[in-house]
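Asker: Dropping the structure in here first, questions after.
The values are calculated or read from the model by the stated rules, or taken from the named source; none is laboratory data. Note that this is a predicted model, so its numbers are computed, not measured. Every residue, glycine among them, receives a Cβ derived from its backbone with ideal geometry; neighbour counts consider all protein chains shown. Heads up: the accessible areas ignore ligands, DNA and RNA and are worked out on the full protein's heavy atoms, side chains in. Shrake-Rupley method; radii C 1.70, N 1.55, O 1.52, S 1.80 Å.
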Amino acid sequence: MKIKTKINDFTKKIGVKASIVVTLLSLILLISSLVGSEFDYEKLEVLCFFNIIIEFLFGVLVTFNALKNKEKYQHLIPFLFLNWFIGCFSTNVFINIFENLPIWVFVVTFLFCLSNFAIYSNFKHKYLNIALYFANGISYLLILYYAIYLIPFAPISCVGILALGLGFYGLVPMIVLIIHTVILIQNFIENRKNGFAFGIGIGIVCISFAIFTVELNRESQQISKNTVTNSFEKVNTDLPQYIIISQNLKPNFFNEILLKKDIVYIASDNFFQFRGFDSFGNNKQYNERKTHDPIINLAFLFTSRLDLSADDRINILKSNFNKRLETEEQLWDGKDLFTKNIKEDVRIYANDRLAYTEITMDIACAEKSWGDKEAIYSFQLPEGAVATSLSLWVNGIERKGVLTTKEKAKKAYNQIVGVEYRDPSLMQWREGNKVVVRVFPIRHDLPRTFKCGFTTPLKVENNTIKYISLDIKGPNTNGAKTISRIQMAGNQKFVTSKRFELEKGFYTNESTGLDAWEAELPITSKVFSTAFVWKNKAYKINEIQKQKIAFNPSEIILDLNSSWTTSEIKKIVNHSNSNYFVWNNNQKQVINSANYETVFTQFEELTYSLLPFYNLNKNSLVITKCGTISANFEELETSDYLKKLKANTHLKNIKVINISENLNPFWQTVKEQKMVSYLKIDLNNCLRLIEQNKFLEFKTLKNTINVEPANISIQETELDSKIQNNGSNHIYRMYAFGKVLQEQVTIQNESLKENQFVDLAKEANIVTPISSLIVLETDEDYKKNGIEKNVNTLGNASINNDGAVPEPHEWLLIIIGLTTVFFYYRKQKMLN
């Protein structure tokens, strides 16, 4: 009650109620303008201009009265400080000295201002006083940071006072710091307990900052250990230095901050040097909002510098932190976009052991957003899956994608987006079986809708087959209204990890955002009676043929990294009399029961390994256990390692056994490109194969591709009367995708690859390493860019049209039949 009484007494003092009204109004305008800054609402940012005028008038009036009669108006000084800082933040929206401050900075600043109300009004409470002085101590150092950071801007601030007093806000932190410090000293003389509480607040911040800086510096030194100049170890010169660092880097909070220095986080090397108004000044391609975090900025001053370029650090972020989407080339900004609606339509073909997933998305900009925006989405596809459709709505009409070479598609997209500023959408394949979709333009008054489809194999596990939802990243999907639907080609029963309800004959689920989910159903034997007919060829599903072959490896290499355990290594080296080796510092080294513990200590910190396959003997056996992190061929693109890997590996007949359930991006690409014979089994079965001098592999017959997750193969055969055209067209699409991946590796001539396999990709309408789907605004745009519309192909896949496609002679019969019906109907109408 005493506190409530004191508050009531305070509000009755002169000028308090008016100050509260002005402060609340200013806060509303500031918050609105900060939201505008976050989402590029140009008109909302203008609110800051009105805020500055209000703060200027309020500041002049209160300052004049306080100087005239200090005792009468001293209680308004906290309002003055608070509104000064509101003016500072408002000015910063226009003159961006502090680039995108994190939320905690605003919270701590207002904590400082609010605690001042008790300090300056001689408020007395046994416990609350201590808490308020403690809070003031915690926030005091932030004001000190502002003051020091703005010292180089002081001369310009003095001149800028003439312009609506804007320059004054550059001096506010120093003025507040001086006045506040004087008042604190006076208060501490009267009450030492308050000073003690204030000191504890400062002490806790200093200790926390010291711990943070020590950890950051320790991480920086750990990264630097792996640079060439800091090591006398034999270095693999085939690999870039940043890849070696990446291999030895375990992702954590601290090393991510270090890698983002000057890319995301502001780093001021000299606080007392004028830095200009564009303190960030880095144009490296990294699509993440730039941030000025005072704690991180200060910590950088006491942290040893990484000897890595921005490009190198971006490559490490891509591989170790899965930041590949953030590094996609972006022709236009897309930071203020969000995904409004998502429709996830899944049709499961149990008899074909595959599914077709159609994703429709509505993309929008926040109200009053300025300028054209470009949206980029990435879809991580499971092994064997392929993108089979793309549509973009143009002027309310769905325009379907046209398949062409990846070079033509990219050139056309860059021309129309970068020069003509009109409507395209592009779907591209990325290594690791990832697909990227781009949509342009998007504005507040021009939200966009696009649709894409993916054919995915169903994963066989024990006696069930499983559908796994796609992993999708893109403009904020957290608040999207999502509706998911499952359709079954047949009446198979299934169970799902999220709740689907039967409604109007369909199983649907409504949710918010994108949740990972699975559907599981019993395995069916009907799969082996399924086929799809296309152009006088039949594409028949068979059971995948596994066979044990005699294989006496010339050497057995243990591909060690931090994923292994000593017990696993011990079990291998003690199992037989075989000779085992590891590759360490670009040298082959024996590993056995006597030295395995010592040898493994050299690999315990290795996040992922990159074996020099080209240096292995022919007929080598590699036993690996991979995690989820690795570089991809994209990061290795310019290295000698990748050149040698592509040139020589597939000639060596190397067999690989992965004893892990994981498959990282590097191994996925090696497997997709058939550089090695790859097998995933557990450790016990691995040892059994070694003991028997055997290897388990999947038979690859001529004109056959294996879909390992679904435990099936798809074979191209001549059409005969016994074969029924009872399968979906997705069978052929999956066959074509596997064929392109299978054959493109063995053919080194790029033009020959294009001639042989682009036509195959066009027929099946699939996105591959050599083909992309593109949607252009008009038919004339396709002609201008030399892109021919696909004729006599499967075309874009559809959730509602997935059956057999008529052959050319069947089309003729259909046309004759329809014509006959038309003339018959017309004749009957005339007779009547």
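Asker: How fast does region 673-744 diffuse by Stokes-Einstein, in µm²/s, taking the Kirkwood radius from C-alpha pairs at 4 °C and 1.567 mPa s?
Answerer: This corresponds to a translational diffusion coefficient of 88 µm²/s.
Asker: Now for a different question. Over the Cα atoms of region 294-404, what radius of gyration and what Dmax do you get, in Å?
Answerer: Expressed in Å, the Cα Rg and Dmax of region 294-404 come to 20.1, 63.
Asker: Normalized C-alpha radius of gyration of region 495-646, against 2.2 N^0.38 Å?
Answerer: That ratio works out to 1.58.
Asker: With every protein chain in place, what's the accessible area of SER497 (1.4 Å probe, Å², nearest 10)?
Answerer: 80
Asker: Quick check of the Kirkwood formula: for the chain, what is the inverse mean of 1/r over all pairs of different Cα atoms, in Å?
Answerer: Result for the chain, one decimal place: 31.5 Å.
Asker: When only C-alpha pairs under 8 Å and at least 6 residues apart count, what is the relative contact order of the chain, in percent?
Answerer: This gives 12 percent for the chain.
Asker: Which peptide among 287-293, 114-120, 768-774, 177-183 comes first, and what is the full order, when sorted by highest mean count of other Cβ atoms within 10 Å?
Answerer: 768-774, 114-120, 287-293, 177-183
Asker: For the charge dipole of the chain, defined by +1 on Lys and Arg C-beta atoms and -1 on Asp and Glu C-beta atoms about the Cα centroid, which residue among GLN247, LEU67, GLN547 has the Cα displaced farthest towards the positive pole?
Answerer: Working it through, the farthest residue towards the positive pole turns out to be LEU67.
Asker: Using just the C-alpha positions of region 364-429 as equal point scatterers, what log10 of I(q)/I(0) does the Debye formula give at each q in 0.11, 0.18 1/Å?
Answerer: Evaluating at q = 0.11, 0.18 Å⁻¹ gives log10 I(q)/I(0) of -0.34, -0.87.
Asker: Residue by residue through region 448-461, what is 3J(HN,Hα) from phi via Karplus (6.51 cos²θ - 1.76 cosθ + 1.60, θ = phi - 60°)? Round to whole Hz and write x for glycine and proline.
Answerer: These are the phi-based 3J(HN,Hα) values: 10, 10, 9, 9, 9, x, 9, 9, 10, x, 7, 7, 8, 9 Hz.
Asker: Restricting things to alpha carbons, tell me how big region 445-484 is in terms of Rg and Dmax, in Å.
Answerer: 15.0, 51
Asker: Taking amide hydrogens as modeled 1.01 Å from N in the peptide plane, which residues meet the under 5 Å criterion relative to VAL622, leaving out close sequence neighbours?
Answerer: Correct list: ILE557, LYS655, VAL656, ILE657.
Asker: Where does helix 310-320 land angle-wise versus the long Cα axis of the chain, in degrees 0 to 90, nearest 10?
Answerer: That works out to roughly 60 degrees.
Asker: Once amide H atoms are built 1.01 Å from N in the peptide plane, which residues 5 or more positions from VAL394, or in another chain, come under 5 Å H to H?
Answerer: Hits under the 5 Å cutoff: ARG399.
Asker: Could you tell me which of the pairs LYS644/LYS671; LYS655/LYS739; LYS540/LYS702; LYS466/LYS526; LYS250/LYS625 are separated by over 19 angstrom between their Cα atoms in the structure shown?
Answerer: Over 19 Å apart, Cα to Cα: LYS655/LYS739.
Asker: Still on this model: Given a 1.4 Å probe and heavy atoms of the protein chains only, how would you sort LEU760, LEU392, largest accessible area at the top?
Answerer: LEU760, LEU392
Asker: Same structure again: Just reorder LYS694, LYS225, LYS722 by solvent-accessible area, largest first, 1.4 Å probe, all chains present.
Answerer: The residues order as LYS722, LYS225, LYS694, largest area first.
Asker: Restricting things to Cα coordinates, could you compute the convex hull volume per residue of region 480-558 in Å³?
Answerer: Expressed per residue, the convex hull around the Cα atoms of region 480-558 is 273 Å³.
Asker: Using θ = phi - 60° and the Karplus form 6.51 cos²θ - 1.76 cosθ + 1.60, what ³J(HN,Hα) does each residue of region 491-508 get, whole Hz, x for Gly and Pro?
Answerer: Whole-Hz 3J(HN,Hα) from phi for region 491-508: 10, 5, 7, 8, 10, 10, 7, 10, 7, 10, 10, 6, 9, 6, x, 10, 8, 10.
Asker: Also, quick follow-up: To the nearest 10 square angstrom, how much accessible area does PHE168 have with a 1.4 angstrom probe?
Answerer: Accessible area, nearest 10 Å²: 50 Å².
Asker: Kindly rank 347-353, 406-412 from highest to lowest mean number of other beta carbons found within 10 Å of each residue.
Answerer: The peptides rank, most packed first, as 347-353, 406-412.
Asker: Over all pairs of distinct alpha carbons, what does the Kirkwood formula give as the hydrodynamic radius of region 606-710, in Å?
Answerer: Kirkwood hydrodynamic radius for region 606-710: 14.7 Å.
Asker: With every protein chain left in place and a probe of 1.4 Å, what is the accessible surface of ASP269, to the nearest 10 Å²?
Answerer: It works out to around 100 Å².
Asker: In addition: What angle, in degrees between 0 and 90 and rounded to the nearest 10, separates the Cα long axis of helix 2-11 from the longest principal axis of the Cα atoms of the chain?
Answerer: 80
Asker: Enter the angle in degrees (range 0 to 90, nearest 10) between the Cα long axis of helix 103-120 and the first principal axis of the Cα atoms of the chain, meaning the one along which they spread out most.
Answerer: Around 20 degrees separate the two axes.
Asker: If I take all pairs of Cα atoms in region 424-543, what percentage of them are more than 16 Å from each other?
Answerer: 74
Asker: Could I ask something else about it? Report, in deg cm²/dmol and to the nearest 500, the calculated mean residue ellipticity at 222 nm for the chain, where each DSSP H run with n ≥ 4 adds -39500 (n - 2.57) and the sum is divided by the residue count.
Answerer: Result for the chain, helices only: -12500 deg cm²/dmol.
Asker: If you take all C-alpha pairs in region 370-501, what percent of them are over 19 Å apart?
Answerer: Tail of P(r) above 19 Å: 60 percent of Cα pairs.
Asker: Only bridges whose two residues both fall in the chain count here: according to DSSP, what percent of them are antiparallel, nearest 5?
Answerer: Among the beta bridges of the chain, antiparallel pairing accounts for roughly 80 percent.
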